[in-house]
Amino acid sequence: MHIYLPIAEMSVNIFLILGMGGAVGFLSGLFGVGGGFLMTPLLIFIGVPPPVAVGTEANQIVASSVSGVLAHWRRANVDFKMGFVLLLGGFVGSSLGVILFKYLQNLGQLDLVIKLSYVIFLGIIGFLMLWESSRTIIRSRSAAARRGKLHQHNWLHGLPFKIRFRKSKLYISAILPFLIGAIVGVLSAIMGVGGGFIMVPAMIYLLGMPTSLAIGTSLFQIIFVTANVTFLQALTVQTVDILLAVLLLTGAVIGAQFGSKYSVRMKGEQLRALLALLVLGVCVKMIFDLTVMPADLYSIALLMG
Amino acid sequence: MNRSIFTKFSIALIILFLLGPHAYGTALIIDSSTSEVKVSSSFIGTDVMVFGTANDKDDIIVVITGPTETAIVRKKRRVSGIWINKEKLEFRGIPGFYAIASTRPLNEITETNELKKQKIGIQNVITTASLSSEDENIKTFKSFKDALVRGQKTKGLYLDTPLEIDVVSKRLFKTTFHFPNNMATGIYTVKVFAFQKKRLVSMVSKNISVEKIGIGADVFKFAKEQSALYGLLAILIAVVSGWIASVIFRKI
């Protein structure tokens with residue numbers, strides 16, 4: 001059964017889109033990530049124009065983050081104060097990102113920057129997560145885990161504007177979460193992702209937040225950042241396809257619920273290792289796209305009029 | 001749909017017979033199975049039949065041209081192991097859709113110059129005149145133009161080799177074009193040329209409008225005309241759906 005997407009201006013199979021939403025939703029529920037880094041490349045792969053894929057995916061992530069954050073809120077896993085600081089950075093970053101997006105599109109280098117961003121960020125994050133989680137798995141098998149400090153102290157703790165985040169049991173400079181929020185905001189606008197896969201590790205490893213709190217808080221701030229991206233993309237380039245978003249989110253919210261139920265049965269480090277492999281998989285695919293000689297060296301961009 | 005094609009086809013037959021032998025050597029009459037293609041939310045593309053009557057010995061060429069667009073064609077080059085868009089060429093005023101059908105190969109119907117003059121065949125539509133700036137790009141024009149035609153062809157938007165025209169009886173002809181689901185909306189022009197002994201004897205044209213209808217059309221209009229409100233609505237829908245999903249699944 002086909003449906004014509006009014007903004008993407010193409011017809012797609014409803015069940016293909018629902019299925020993609022469901023599959024990515026399941027993984028996002030399982031790993032506690034938005035799944036944008038999987039969905040946006042998938043949408044582009046089935047022929048949705050990249051700008052529409054990015055704008056629409058941002059809209060869909062709003063929905064999955066709302067549904068996710070409510071579950072975490074009930075378990076008191078959201079540090080609103082931290083979320084607010086991240087959010088301030090996120091607004092600045094995503095607004096800059098939307099401007100950058102349009103600029104790159106005019107230059108004809110948008111695809112390249114999207115793919116390079118995927119390679120760089122997925123590569124770094126995937127590698128770090130795999131390294132950390134496999135170390136944890138090995139250590140937990142060899143001996144009883146050593147109990148260390150809550151987190152390591154380093155030069156980052158010497159920065160000014162220190163704020164006490166009671167919920168996260170942290171006393172750190174507000175500059176750090178603001179910067180993390182801003183960087184992820186830029187990526188959110190360019191890559192069509194929520195940025196959870198960068199935000200959560202950054203919060204755990206750079207800020208020293210507990211994992212469960214990091215996931216809940218990142219979901220909270222992703223809602224607002226992706227809502228900002230949705231609004232700005234709709235306003236400036238009109239690339240948000242509501243119909244496509246609704247189809248995707250229907251599949252995704254259902255998939256996510258099953259995913260999160262399933263995730264309870266698995267250990268944190270195992271989940272992180274699996275997610276790391278998934279992230280590295282997408283990264284390798286992008287490296288392949290960039291370095292293998294394309295079937296057609298020419299690409300065409302059509303503008304009306 | 002089929003019924004309306006049939007009706008129109010029958011009308012054309014009746015006209016043919018009414019004109020009778022007296023009409024020999026006169027008019028080229030054409031029509032199409034539809035004058036309005038409606039792109040609804042279930043649109044998956046459609047076939048449009050163009051038919052008409054001509055003189056006995058006429059050679060017929062049918063051309064359908066879509067609304068004009070600007071195409072930017074970019075060529076990738078390898079820079080330190082990565083394929084990057086480098087050179088570009090901008091084509092202005094080119095058709096977003098181009099389809100052609102003929103009774104015989106074009107070069108048998110008429111001279112190259114005449115094809116050029118009448119802009120028949122995609123190579124006579126996209127010329128160096130379509131370039132936005134006339135500079136050293138002329139050298140690379142052919143490879144970029146070929147890439148453009150190739151790209152549009154794979155999307156089903158261009159035809160470079162003419163389709164066949166069915167000559168039903170001596171004077172009645174018909175041919176069917178496919179309008180794919182990714183076609184742009186706007187006015188499409190059907191031009192039918194009749195040639196005799198390599199000379200153009202007659203040309204008739206008609207328009208076919210392709211427009212979005214139903215919810216899809218409303219959504220498109222809303223997104224373009226009230227972008228801010230559209231953006232807010234998109235967010236609202238997402239928030240409400242997320243919330244509903246969370247409530248439903250908590251109960252289960």
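Using the structure shown, decide if B:Ala184 is at the interface with another protein chain (Cβ under 10 Å from one of its Cβ atoms), surrounded by 13 or more Cβ atoms within 10 Å (Cβ to Cβ) and part of a loop (DSSP other than H, G, I, E, B).
Taking the combined requirement at face value, the residue satisfies it.
Does the range B:162-184 hold any residues that are touching a helix residue (DSSP H, G or I) at 6+ places or on another chain (Cβ under 9 Å) and either closer than 30 Å to B:Lys75 by Cβ or hydrophobic (A, V, I, L, M, F, W, C) (or both), and which are they?
B:Pro162, B:Val168, B:Leu172
Please go through the range A:265-293 and give me each residue that is within 14 Å of another protein chain (Cβ to nearest Cβ) and either more than 30 Å from B:Ser132 (Cα to Cα) or at pLDDT below 85 (or both), ordered by number.
A:Met286, A:Ile287, A:Phe288, A:Asp289, A:Thr291, A:Val292
Residues in the range B:16-57 that are part of a loop (DSSP other than H, G, I, E, B), at pLDDT 85 or above and over 15 Å from B:Val201 (Cα atoms): how many?
7
Take the range A:194-208 and flag every residue that is surrounded by 23 or more Cβ atoms within 10 Å (Cβ to Cβ) and part of a loop (DSSP other than H, G, I, E, B).
Once the filter is applied, which keeps residues that are surrounded by 23 or more Cβ atoms within 10 Å (Cβ to Cβ) and part of a loop (DSSP other than H, G, I, E, B), the range A:194-208 yields A:Gly194, A:Gly195.
Pick from the range B:234-252 the residues that are more than 7 Å from chain A (Cβ to nearest Cβ) and not basic (Lys, Arg): which of them is nearest to B:Glu36 (Cα to Cα)? Steps first, please.
Residues of the range B:234-252 that are more than 7 Å from chain A (Cβ to nearest Cβ), as a first pass: B:236, B:240, B:244, B:247-248, B:250-252.
From the residues that got through so far, the ones that are not basic (Lys, Arg) too are B:236, B:240, B:244, B:247-248, B:252.
Values: B:Leu236: 35, B:Val240: 38, B:Ile244: 41, B:Val247: 46, B:Ile248: 44, B:Ile252: 49 Å.
Across the range B:234-252, the extreme among qualifying residues is B:Leu236.
So, in the range B:41-67, of the ones that are out of contact with any Ser or Thr (no Cβ under 7 Å at 6 or more places or on another chain) and at the interface with another protein chain (Cβ under 7 Å from one of its Cβ atoms), which residue ends up surrounded by the most Cβ atoms within 10 Å (Cβ to Cβ)?
B:Ser41
Which count do you get for residues in the range A:246-259 that are under 23 Å from B:Leu229 (Cβ atoms) and more than 8 Å from chain B (Cβ to nearest Cβ)?
Final tally of qualifying residues: 2.
Checking B:Phe220 against (1) within 10 Å of another protein chain (Cβ to nearest Cβ); (2) under 22 Å from the mean Cα position of the chain (by Cα); (3) touching a residue at least 12 places away in the same chain (Cβ under 8 Å), which test does it fail?
In the conditions (1) within 10 Å of another protein chain (Cβ to nearest Cβ); (2) under 22 Å from the mean Cα position of the chain (by Cα); (3) touching a residue at least 12 places away in the same chain (Cβ under 8 Å), B:Phe220 misses (3) alone.
Can you confirm whether the range B:207-219 contains a residue that is in contact with a Leu (Cβ under 9 Å, 6 or more places away or on another chain), surrounded by fewer than 15 Cβ atoms within 10 Å (Cβ to Cβ) and β-branched (Val, Ile, Thr)?
yes
Checking B:Ser209 against (1) within 8 Å of another protein chain (Cβ to nearest Cβ); (2) touching a Phe, Trp or Tyr at 6+ places or on another chain (Cβ under 8 Å); (3) in contact (Cβ under 8 Å) with a residue 12 or more places away in the chain, which test does it fail?
Going through (1) within 8 Å of another protein chain (Cβ to nearest Cβ); (2) touching a Phe, Trp or Tyr at 6+ places or on another chain (Cβ under 8 Å); (3) in contact (Cβ under 8 Å) with a residue 12 or more places away in the chain one by one, B:Ser209 breaks only (1).
Would you pick out the residues in the range A:7-17 that are in a helix (DSSP H, G or I) and either more than 14 Å from chain B (Cβ to nearest Cβ) or of a type in the set (Val, Ile, Thr) (or both)?
Within the range A:7-17, A:Ile14, A:Phe15, A:Ile17 meet the criteria.
Could you identify the single residue in B:Thr140, B:Thr110, B:Thr127 that is more than 15 Å from the chain's Cα centre (by Cα) and under 16 Å from B:Thr68 (Cα atoms)?
Values: B:Thr140 fails: under 16 Å from B:Thr68 (Cα atoms); B:Thr110 fails: under 16 Å from B:Thr68 (Cα atoms).
When all the criteria are applied, what remains is B:Thr127.
Here is a list: A:Met82, A:Met20. Which entry is over 24 Å from B:Val39 (Cα atoms) and in contact with a strand residue (DSSP E or B) (Cβ under 6 Å, 6 or more places away or on another chain)?
Just a single option satisfies the conditions, and that option is A:Met82.
Matching residues to (1) farther than 23 Å from B:Lys142 by Cα; (2) touching a residue at least 24 places away in the same chain (Cβ under 8 Å); (3) of a type outside the set (Asp, Glu):
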site: B:Ser41; (1), (2), (3): yes, yes, yes
site: B:Thr46; (1), (2), (3): yes, yes, yes
site: B:Val50; (1), (2), (3): yes, yes, yes
site: B:Val73; (1), (2), (3): no, yes, yes
site: B:Ser80; (1), (2), (3): yes, no, yes
site: B:Glu87; (1), (2), (3): no, yes, no
site: B:Gly96; (1), (2), (3): no, yes, yes
site: B:Leu106; (1), (2), (3): no, yes, yes
site: B:Asn113; (1), (2), (3): no, no, yes
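Could you please find all residues in the range A:18-47 being over 12 Å from the mean Cα position of the chain (by Cα), within 13 Å of another protein chain (Cβ to nearest Cβ) and buried (at least 24 other Cβ atoms within 10 Å of the Cβ)?
Across the range A:18-47, the qualifying residues are A:Gly21, A:Gly25, A:Gly29.
Check whether at least one residue in the range A:177-187 is more than 10 Å from every other protein chain (Cβ to nearest Cβ), part of a helix (DSSP H, G or I), farther than 30 Å from A:Ile17 by Cβ and without any contact (Cβ under 8 Å) to a residue 24 or more places away in the chain, and report yes or no.
We begin by selecting, within the range A:177-187, every residue more than 10 Å from every other protein chain (Cβ to nearest Cβ); these are A:177-187.
With part of a helix (DSSP H, G or I) added as a condition, the list becomes A:177-187.
Restricting the remaining residues to those that are farther than 30 Å from A:Ile17 by Cβ gives A:177-183.
Next, only the ones that are without any contact (Cβ under 8 Å) to a residue 24 or more places away in the chain stay: none.
The answer is no; no qualifying residue exists.
Any residue at all in the range B:151-163 that's buried (at least 16 other Cβ atoms within 10 Å of the Cβ), in a helix (DSSP H, G or I), at pLDDT 90 or above and within 22 Å of the chain's Cα centre (by Cα)?
Within the range B:151-163, one or more residues are buried (at least 16 other Cβ atoms within 10 Å of the Cβ), in a helix (DSSP H, G or I), at pLDDT 90 or above and within 22 Å of the chain's Cα centre (by Cα).
B:Val239: out of contact with any strand residue (DSSP E or B) (no Cβ under 6 Å at 6 or more places or on another chain), under 30 Å from A:Arg74 (Cα atoms) and of a type in the set (Val, Ile, Thr), yes or no?
yes
What single numbered condition from (1) within 30 Å of A:Val12 (Cβ to Cβ); (2) more than 9 Å from chain A (Cβ to nearest Cβ); (3) surrounded by 15 or more Cβ atoms within 10 Å (Cβ to Cβ) fails to hold for B:Phe193?
(1)
Looking for something away from chain B (no Cβ under 11 Å) and within 23 Å of B:Arg250 (Cα to Cα) - is there at least one such residue anywhere in the range A:222-245?
Yes - at least one qualifying residue is present in the range A:222-245.
The values are calculated or read from the model by the stated rules, or taken from the named source; none is laboratory data. All values reported here derive from a predicted model rather than from experimental measurement. Note: ideal-geometry Cβ built from the backbone for every residue, glycine included; neighbour counts use all protein chains shown.
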